[in-house]
Amino acid sequence: MIKKVLIANRGEIALRIVRACHELGIKTLCVYSEADEQSLHVQLADEAICIGPAASNLSYLKADRILSAAEIANVDAIHPGYGFLAENADFAEQCERCNIQFVGPSSQTIRDFGDKARAREMAAAAKVPTIPGSQGVIRDVNEAVKVATKIGFPVIIKAVAGGGGKGMRVAHNKVTFQREFVNARNEAEKAFGNGDVYLEKFLENPRHIEIQILADHHGNVIHLFERDCSVQRRHQKLIEEAPSPFLSDDMRKKMGRCAVKLAQAAKYRNAGTIEFLVDKHGDFYFIEMNTRIQVEHGVTEEITGVDLVKEQLLIAGGAKLNYEQKDIKILRHAIECRVCAEDPGRNFAPCPGEITLYYAPGGHGVRIDSHVYGGYVIPSHYDSMISKVITFGRTRELALDRMDRALREYLIRGIQTNIHFSRAIIRDPIFREGKATTKYIEEFLNRVPRDMYITTNDRQP
Ligand code: ADP
């Protein structure tokens with residue numbers, strides 16, 4: 001059993017981990033940058049150590065400083081959260097060498113799935129369907145043209161090291177393909193220090209549906225059903241829900257079984273997410289596996305009643321899974337909106353600064369995960385997400401009605417947010433009918449008048 005954990009992250013996920021630890025009686029050490037001293041996670045942790053200036057590459061990405069803090073405070077585990085070092089195989093390996101439990105899979109697993117072309121091969125080997133595409137990495141442009149023509153346009157060129165919606169380019173025909181291919185390679189080299197790319201058929205109107213799994217160190221693997229994350233802006237998720245309004249029970253079972261099969265084949269352990277694209281016929285294809293807790297894990301917690309972060313900590317401590325597959329049931333519907341400090345009126349530009357007034361919604365069926373409060377100053381150095389609001393209820397309609405009223409209750413002054421934008425989506429008939437695909441936001445922005453989703457920061461009626 002783990003006794004003390006270092007939380008190598010910030011913001012709402014750091015607070016989420018602190019909360020899970022406190023319920024389990026595990027001591028917490030938060031590391032933080034100079035910009036985060038006032039953040040709620042730092043204040044609620046048992047101990048906190050400043051590890052550097054605001055810039056992430058001088059603090060949250062500094063493995064050596066984090067490991068020094070771990071040594072000084074004598075922790076037995078490190079929880080990486082998501083982002084930063086969560087999928088950095090070298091960091092996980094350093095933890096292994098220092099005999100500190102990395103709360104996640106082994107460094108080798110992270111390395112394998114971190115290469116998206118390799119992950120595709122692993123999925124194919126486990127007989128999990130993948131999108132038609134190149135066999136691994138292609139470096140030669142002429143060879144790439146041949147393969148793209150064979151796959152059939154449009155194709156998507158993807159960086160093997162890509163993530164967070166970055167490192168993808170779509171080519172609609174042979175003429176644009178050559179240029180996009182060269183640009184994609186250069187861009188990937190610059191952004192990820194690795195220019196390798198692979199090709200996939202570009203699916204026109206898919207849904208993004210992912211399966212949550214949990215695996216212990218004793219060979220037990222279960223899935224906790226799906227999350228539908230089709231509502232995305234620039235390949236970044238904005239609204240997530242579970243269960244998916246699109247899946248039949250039969251498809252749900254098939255996808256769950258595939259996810260478990262892949263995790264077993266990879267000897268996976270801890271929490272992970274297997275992401276699929278699903279076409280209008282209901283055919284599903286693996287796109288990648290995320291070897292960490294996801295931002296949207298809370299919707300799964302609310303539909304199943306399983307605390308995923310606690311399970312992660314228990315698994316890392318060597319415990320057997322608390323659940324068998326038959327124990328996991330969909331008890332209700334849940335939906336999450338990501339609240340970001342950004343201005344939809346200025347093309348969603350980040351909006352850091354002081355929150356002068358803050359009131360978060362509450363009441364029956366509402367969960368808020370957030371590290372901010374009135375008087376908090378949002379630093380400009382990090383992701384713009386400041387809060388997650390999850391609503392749940394017996395039916396999808398109830399969860400949606402609750403989200404509508406929860407978003408209406410939010411009161412955030414001093415900065416702009418996307419709350420009004422999210423509320424316009426929740427009230428949109430196409431979304432309510434469960435028809436959103438990954439094209440939805442693009443189409444929404446073309447269809448809906450701007451003043452329907454741009455706010456002057458006033459409370460909405
Ligand atoms: P990342 O690792 O950056 O999150 P993913 O491979 O998970 O990248 O893809 C993110 C999103 O990009 C998907 O949810 C989907 O909207 C879009 N996408 C990725 N691959 C394809 C594809 N082959 N066809 C259509 N859309 C795709």
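The values are calculated or read from the model by the stated rules, or taken from the named source; none is laboratory data. None of these values were measured; they are calculated from a predicted model. So basically every Cβ, Gly included, is an ideal-geometry build from the backbone, and we count neighbours across all protein chains shown.
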Scanning the range 145-166 for residues that are under 17 Å from ILE131 (Cβ atoms) and charged (D, E, K, R), the one surrounded by the fewest Cβ atoms within 10 Å (Cβ to Cβ) turns out to be LYS150
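Do we have any residue at all in the range 330-337 that's in a loop (DSSP other than H, G, I, E, B) and of a type in the set (Gly, Ala, Ser)? Lay out the reasoning, then the answer.
Within the range 330-337, the subset in a loop (DSSP other than H, G, I, E, B) is 330-332.
Still in the running and of a type in the set (Gly, Ala, Ser): none.
No, the conditions are met nowhere in the range 330-337.
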Condition set touching a residue at least 40 places away in the same chain (Cβ under 8 Å) and among the basic types (Lys, Arg), scope the range 186-212, selection surrounded by the most Cβ atoms within 10 Å (Cβ to Cβ): answer is ARG207
For the range 217-241 the number of residues that are under 24 Å from GLU397 (Cβ atoms) and more than 16 Å from the ligand (Cβ to nearest atom) is 2
Those residues of the range 249-283 that are touching a Phe, Trp or Tyr at 6+ places or on another chain (Cβ under 9 Å), within 12 Å of the ligand (Cβ to nearest atom) and either hydroxyl-bearing (Ser, Thr, Tyr) or in a strand (DSSP E or B) (or both) come to a total of 5
Does the range 189-210 contain any residue that is within 18 Å of ASP140 (Cα to Cα), within 13 Å of the ligand (Cβ to nearest atom) and among the small types (Gly, Ala, Ser)? no
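Quick grid of which residues meet (1) under 24 Å from the mean Cα position of the chain (by Cα); (2) of a type in the set (Val, Ile, Thr):
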position	(1), (2)
ARG118	yes, no
GLU121	yes, no
ALA124	yes, no
THR130	yes, yes
ARG139	no, no
VAL147	no, yes
PRO154	no, no
ALA159	yes, no
Scanning the range 379-403 for residues that are assigned to a loop (DSSP other than H, G, I, E, B) and of a type in the set (Gly, Ala, Ser), the one surrounded by the fewest Cβ atoms within 10 Å (Cβ to Cβ) turns out to be SER380
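Closer than 20 Å to PHE153 by Cα, within 26 Å of the chain's Cα centre (by Cα) and either at pLDDT below 95 or not assigned by TED's automatic domain parsing to the domain that holds GLY83 (or both): which single residue out of ARG169, ARG179 fits that description? Give the steps one after another, and end with the answer.
Details: ARG179 fails: within 26 Å of the chain's Cα centre (by Cα).
Going through ARG169, ARG179 in turn, just one is closer than 20 Å to PHE153 by Cα, within 26 Å of the chain's Cα centre (by Cα) and either at pLDDT below 95 or not assigned by TED's automatic domain parsing to the domain that holds GLY83 (or both): ARG169.
Looking at the range 199-228 only, could you name the residues that are within 21 Å of ARG169 (Cβ to Cβ) and in contact with a strand residue (DSSP E or B) (Cβ under 9 Å, 6 or more places away or on another chain)? Don't jump to the end; show me each part of the working.
Looking only at the range 199-228, we keep the residues that are within 21 Å of ARG169 (Cβ to Cβ), and these are 199-206, 208.
Answer for the range 199-228, where residues must be within 21 Å of ARG169 (Cβ to Cβ) and in contact with a strand residue (DSSP E or B) (Cβ under 9 Å, 6 or more places away or on another chain): LEU199, GLU200, LYS201, PHE202, LEU203, PRO206, HIS208.
Can you tell me how many residues in the range 138-162 are over 20 Å from PHE276 (Cα atoms) and either part of a loop (DSSP other than H, G, I, E, B) or touching a residue at least 12 places away in the same chain (Cβ under 8 Å) (or both)? So that I can check it myself, show each step before the final result.
Filtering the range 138-162 down to residues over 20 Å from PHE276 (Cα atoms) leaves 138-150, 152-153.
From what is left, the residues that are either part of a loop (DSSP other than H, G, I, E, B) or touching a residue at least 12 places away in the same chain (Cβ under 8 Å) (or both) are 138-141, 144-145, 147-149, 152-153.
Residues that pass the stated criteria total 11.
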Filter the range 163-188 for residues that are assigned to a loop (DSSP other than H, G, I, E, B) and under 19 Å from VAL145 (Cβ atoms); the one that is farthest from the ligand (Cβ to nearest atom) is ASN173
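For every residue, the table says whether it meets (1) surrounded by fewer than 22 Cβ atoms within 10 Å (Cβ to Cβ); (2) under 30 Å from HIS333 (Cα atoms).
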site	(1), (2)
PRO129	yes, yes
GLN135	yes, no
ASP140	yes, no
GLU143	yes, no
MET168	yes, no
VAL175	yes, no
LEU214	no, yes
LEU224	no, yes
